[in-house]
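Values in this text are rule-based calculations from the coordinates and carry no lab data. Keep in mind it's a predicted model, so treat the numbers as computed, not measured. Note that we place each Cβ from the backbone using ideal geometry, even for glycine, and neighbour counts take in every protein chain shown.
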Amino acid sequence: MERTILHLAIDSFPIQAERLRCPKLRDRPLALIPGASVRPRVLLTSREARQAGITPGTPLVHARRLCRDLIALPLDRDFYGGIGESIFERLAPFAPVVEPGGAPGAGAGIGRFFLDLTGVTRTHPETRDRAARAGRDVEHSFRLHPTLGVAANKLVSRVAAQVVAPDGDLLEVSQGSEASFLAPLEVGMLPAARSAEIAERLDLLNVRFVRDVQALAAPQLARALGKEGALLWNQALGVDPTPVRPPERRPRAVAEETLAQETNDSRVLSAHATRLAAELAAGLRARGEGARGLTLDVTYADGHEASATRAFAEPLRGGAGIARGVAALLERAVRRRVRVRRLRVSAWGVTSEPVQLTLWNETEAMERRRSLESTLDRARARFGAEALVPATWILHGLTVRAPARP
């Protein structure tokens, strides 16, 4: 059966959400910045701010010189996530399966959704009508303007919604025309081409457009890009077998920090990441919980973001295990030489299920670690958070903070 996937995207969702919260912001130059930063840089801009020359990564001080009327607001992930969840519930009647279009643990807070319409509609006019009704429902209910892409898979439907944004409504790509639709687009529209490392290699190969990728043979790309080459080649042809999946309702715990001094020093970043891991572990420990997965999000000084995620067979509970997991994610996520502005660690799949151990020495070692961590928690509770601080933290001026919130 021919698949039919609808991608509904709300362009600049956080900007639109802020204007929903405060209608007076409509048509005003708006920039979103980190919530706590000594020298904040712009994370996201409205169209009016972009017209004034403000782009993500611009220092706020410079942005205010470019646009005296600029309004800067702190990024409010919880607020955007709440609106996203409401939109998700609103879309549920339109398709048997709806998937938020974010990374693991991101939920619906980025304003993108996949709807699997396979078998729901029989003709192209029916599909367009159902997609249009879903878009109108969101716009009328939330006063947020979505763009819609319809195609035979998730990749092409998402690109279609991006191409039609921000002033369009709906773009349908018929099955069999995926490659010709993608050919004239910039190669950066393909997810596999967006990492800094891959983008740099493609630039060296003089690959600018999707058609340039299509002109290469798969073995050539594999030699130039490694395992990412095959993925990029398939994406350039519009091939994506990924199914639309319902979201996993995974409770999360989050620890995050905007660095007082942006840096690309691996030792400093490691110290900050270790502290976030300790905060996360302390919060989970206090509630008697473990995490089945970790996600590390990195925001660079120029506004670009990177993320790394890992799932675990058994829930992580101990501080040492979480610290090792975060350290590995940091190494995967930070691949650029640009200074880092913000780190965010999320523990997802939070559970109170017991850990399954089969060997006596494993149980004994875990009990020793648990006893040590409990002793440290009691000492800090009695004598203050700064009573016991790792030496590496002290070297970088860091102290113990409150446990991570659920």
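In table form, for the structure just shown:
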{"quantity": "Residue-count net charge about Asp116 - beta-carbon cut-off 14 Å; Lys, Arg +1, Asp, Glu -1", "calculated": "+2"}
{"quantity": "Pair Ala217, Asp169: separation of 7 Å Cα→Cβ label points (nm)", "calculated": "4.7 nm"}
{"quantity": "For His7, His62, order by how many other beta-carbon atoms lie within 10 Å, fewest first", "calculated": "His62, His7"}
{"quantity": "Whole-angstrom gap from region 193-269 to region 107-146, using each part's C-alpha centre", "calculated": "27 Å"}
{"quantity": "Order of Cys22, Cys67 - criterion: other Cβ atoms within 10 Å of each residue's Cβ, fewest first", "calculated": "Cys22, Cys67"}
{"quantity": "Cβ-placed point charges (K, R +1; D, E -1), dipole of region 47-147 about Cα centre in debye, nearest 20", "calculated": "440 debye"}
{"quantity": "Inter-site label distance for Glu139 and Lys227 at 7 Å from Cα along Cβ, in nm", "calculated": "4.3 nm"}
{"quantity": "Sites matching trypsin sites (Lys or Arg not before Pro) across region 1-89 that sit in DSSP coil, with at most 11 neighbouring C-beta atoms within 10 Å", "calculated": "Arg68"}
{"quantity": "Relative packing of 295-305, 214-224, which averages over residues the other C-beta atoms within 10 Å, highest first", "calculated": "295-305, 214-224"}
{"quantity": "Neighbour-count ranking [beta-carbon atoms within 10 angstrom, fewest first] of Ser307, Ser180", "calculated": "Ser180, Ser307"}
{"quantity": "Extreme residue, positive dipole direction of region 130-197, given options His145, Ala161, Leu185 (C-beta unit charges)", "calculated": "His145"}
{"quantity": "Three-way shape label, region 141-200, alpha-carbon gyration tensor, a/c 1.5", "calculated": "oblate"}
{"quantity": "Overall Cα dimensions of region 1-147 - principal axes, largest extent first, Å", "calculated": "55, 29, 25"}
